[in-house]
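A quick write-up on the structure given underneath.
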Amino acid sequence: MSEQEPRAADETLDEETADPNPISLFTRWFEDAKAAGIPMPEALTLATATPDGRPSARMVLLKQADAAGFVFYTNYQSRKARELEANPFAALVFYWQKLDYQVRVEGPVERTSAAESDEYFATRPRDSQLGAHASPQSEVVTGREFLENRFADLEKSYRDRTVERPAHWGGYRLKPERIEFWKSRPGRLHDRLLYKRQSDGAWQLTRLAP
C-alpha cells in the first residue's frame, strides 16, 4: 500500500463484531494513525459553547485517553477555558484523512487535579513551560514584541531554577457520553457506529445512517 492510498477502503465497521468498549477501539485507531505516519495524530478539534449557545472551535492536542476520559491542557484564562467553566460540556473531533477515519466525542468536562497538571507540566519542553507563563492567552496584546520581551524576562528569571506550573494553567478531562466512529465507504455510504453511555455505565452500540 502506498502512502497516498487510504487503508482498506472496502472494510466495514460491523456493530455485531465491533469492540464493546469504545475506548479500546479508539486506542486501536489512534495506534493505527501513528503507525501510518500521520503527522500529529493527537491533534483534535475542540468545540465549546457559551451558556447562550454561541459555539467556537480550535485545535488542541490530546495528552491522555483512557477509561476516565480524554485529557488536554490549556491556559485557564483562555477563551476555551472561560467557556468550559461557564458551560462545562464539549465536543472533540479527530480526523485521520490517510485512513479515512473520524472519531467524534461528546460529554461533560472537568479540570484535572493539580497533581496531574503538575506531572504533565514537568514533561513539557522548557520553552513551552516559559511560554505558559509569558502568554496571556486569548487577550489582546500590543504586538509580538510584547510576548518576546516577556519571554526574555522569564528566561532570565528562571535561568538557574525549575519552571513551576503557573496556577492559571492546567488540564481538562472530557468524560465521554457519546463516541462515534466514522469510516469512509464507497458511494458515501459511510460506516457510523455510535456508542452511548447508559446510566449504569455500560455502552449501547447502534449504527447511524451516513
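Just so it is clear, none of the values below were taken in a lab; they were calculated from the coordinates. Source: prediction; values computed, not measured. FYI the Cβ positions are ideal-geometry reconstructions off the backbone, even for glycines, and counts take in every protein chain you see.
Under 13 Å between alpha carbons, and skipping anything fewer than 8 positions from K156 in its own chain: which aspartates and glutamates qualify?
Qualifying aspartates and glutamates at Cα under 13 Å: D127, E148.
For K34, list the lysines whose Cα falls under 25 Å from its own Cα; do not include residues on the same chain fewer than 8 positions away.
Cross-link targets: K63, K98, K175, K183.
Among (i) 29, 21, 16; (ii) 36, 20, 16; (iii) 48, 16, 14, find the value of semi-axes √(5λ) of the Cα gyration tensor in Å that was calculated from the structure presented, and write down its label.
(ii)
From the Cα gyration tensor of region 86-210, with a ≥ b ≥ c the square roots of its eigenvalues, which class applies: rounded if a/c is under 1.5, or else prolate if a/b is larger than b/c, or else oblate?
Verdict is prolate for region 86-210.
Region 123-164: percent of C-alpha pairs farther apart than 17 Å?
28 percent
Enumerate the residues in region 92-121 having an amide nitrogen under 14 Å from the point lying 7 Å beyond the Cα of S184 toward its Cβ.
Those under the cut-off are 95-103.
Give me the net charge of S113's neighbourhood, meaning all other residues with Cβ under 15 Å from the Cβ of S113; Lys, Arg count +1, Asp, Glu -1.
0
Rank A35, A65, A114 by mean-square fluctuation in a GNM of the chain with C-alpha springs under 10 angstrom and give only the top-ranked residue.
A35
Once you place label points 7 Å from the Cα toward the Cβ at D200 and Y158, how far apart are they in nm?
4.9 nm
Using 0.36 nm times the number of residues separating L61 and E177, minus their current alpha carbon distance, what extension gain do you get?
Taking L61 through E177 to full extension adds about 39.8 nm, to one decimal.
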